[in-house]
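The values are calculated or read from the model by the stated rules, or taken from the named source; none is laboratory data. It should be emphasised that the depicted structure is a prediction, and the values quoted were computed from it without experimental measurement. Here the Cβ positions follow ideal geometry from the backbone for every residue, glycine too, while neighbour counts run over all protein chains shown. What goes into the accessible areas is simple: the full protein's heavy atoms, side chains included, and nothing from ligands, DNA or RNA. Shrake-Rupley method; radii C 1.70, N 1.55, O 1.52, S 1.80 Å.
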Amino acid sequence: MQMQIGIDSFAAAIPDPATRVALTPVERMHYLLEEIELADRVGLDVFGIGEHHRAEFLDSAPAVILAAAAARTENIRLTSAVTVLSASDPVRVFQEFATLDLISRGRAEIVAGRGSFIESYPLFGLRLEDYDSLFAEKLDLLLKIRASMQVHWSGKHRPALTGQAIYPRPLQNPLPIWVGVGGTPESFVRAGMLGLPLMVAIIGGEPRRFRPLIDLYREAGRRAGHSPEQLTVGLHSVGFLADTTEKAANIFFPGYAHTFTEIGKERGWPPTTRAQFDAQRGPTGALIIGDAETVAKKILYINEALGGISRVTFQMGVSTLPHNQMLEAIEILGAAVAPFLRSELGVTPAHAR
């Protein structure tokens with residue numbers, strides 16, 4: 001089966017845990033665009049930019065970053081990871097990504113989700129109690145805009161549309177829209193019923209525990225009359241590569257521990273330990289960290305455990321890493337891991353088809 005390999009970034013501007021020194025926002029953005037350029041050159045299939053509205057991340061306007069990347073790349077697909085649709089106007093989201101699609105000559109995608117943080121709700125005057133209804137309603141509107149230039153629609157969270165035309169239209173028809181999910185069964189069922197591709201964020205535990213939820217998605221899609229080809233599953237996972245597995249783990253752990261310990265303070269989690277980290281990067285854990293062979297074998301294991309996946313994107317930026325080490329990891333992913341997986345699974349890279 002086809003499997004795309006890529007990278008997701010949150011444009012993190014996190015201080016080095018050892019020195020407490022952080023890149024300036026200008027430096028971080030410049031390095032991020034270099035990383036996307038390299039991912040394109042080494043033949044990776046996709047690069048995603050998240051959306052957050054907090055001090056640690058510079059990705060509050062992902063479509064702007066992706067448009068800058070579009071002008072500097074040729075083949076790589078450019079996606080959100082995720083667009084916080086609950087806190088956005090679907091009309092503007094569609095316009096931004098349709099524009100990106102034109103700039104990139106048909107390489108734009110949207111992964112729509114609710115986000116893992118809640119800062120956007122008070123920021124945009126929304127009620128957290130409407131968490132699910134906001135997303136369901138806005139996803140419905142986004143899909144209607146994708147399907148038709150002139151839109152008739154009404155809901156309770158946004159003024160009605162009474163036949164207004166939404167411009168511009170993208171080059172791709174339809175513009176790819178994925179649903180980004182965590183672990184809520186209702187989210188898997190909704191994506192299946194709509195026949196939308198699914199992007200599953202697995203950042204801890206064992207990936208195989210998501211198999212029942214993915215089966216739920218596929219069954220909901222089948223019952224709704226969607227073909228298996230429509231019901232594709234992608235995986236967003238924390239990962240990193242170096243020329244040896246020990247080196248990859250030692251480079252990645254300090255920043256990873258700092259980030260997840262800080263996030264954990266907000267959520268009541270205990271501090272992250274090296275023992276937990278090492279367990280998570282074991283053969284059945286969620287972290288995809290190691291040399292090229294270790295990483296490739298882990299992806300093949302996850303592919304089998306989840307009943308077939310069509311995309312894996314690596315989130316490397318949760319750890320504060322020197323730019324040269326990020327570039328080396330991208331190089332290994334493109335030069336060694338992606339070709340091995342394509343050979344094992346008998347597929348060609350997405351940009352070569």
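Of all residue pairs spaced 6 or more apart or on separate chains, those with beta-carbon atoms under 6 Å, a first member in region 171-183 that is in a loop (DSSP other than H, G, I, E, B) and a second member that is open to solvent by 30 Å² or more (accessible area, probe 1.4 Å) are LEU171/LEU102; PRO174/ARG146; LEU175/ARG146; GLY182/ALA201. From the list ALA335, ALA257, ALA275, ALA329, the lone residue that is under 21 Å from SER9 (Cα atoms) and out of contact with any Phe, Trp or Tyr (no Cβ under 9 Å at 6 or more places or on another chain) is ALA335.
What about THR313, is it of a type in the set (Val, Ile, Thr) and over 21 Å from the mean Cα position of the chain (by Cα)? Spell out how you get there, then give the answer.
Numbers: of a type in the set (Val, Ile, Thr): yes; over 21 Å from the mean Cα position of the chain (by Cα): no.
Judged against the criteria, THR313 is not a match.
Only one of THR245, THR284, THR232, THR259 is closer than 25 Å to ARG311 by Cβ, open to solvent by less than 30 Å² (accessible area, probe 1.4 Å) and in contact (Cβ under 8 Å) with a residue 40 or more places away in the chain. Can you tell me which? Can you show your working first?
On the way: THR245 fails: open to solvent by less than 30 Å² (accessible area, probe 1.4 Å); THR284 fails: open to solvent by less than 30 Å² (accessible area, probe 1.4 Å); THR232 fails: open to solvent by less than 30 Å² (accessible area, probe 1.4 Å).
Matching residue, one of THR245, THR284, THR232, THR259: THR259.
Residue-level check: of (1) within 26 Å of VAL46 (Cβ to Cβ); (2) over 16 Å from the mean Cα position of the chain (by Cα); (3) hydrophobic (A, V, I, L, M, F, W, C), ILE177 misses just (2). Residues in region 36-83 that are without any contact (Cβ under 8 Å) to a residue 40 or more places away in the chain, under 14 Å from the mean Cα position of the chain (by Cα) and in a loop (DSSP other than H, G, I, E, B): 0 in all. For the residues LYS298, LYS247, the requirement of being charged (D, E, K, R), over 25 Å from PRO15 (Cβ atoms) and either modelled with pLDDT of 95 or more or not in a helix (DSSP H, G or I) (or both) singles out LYS298.
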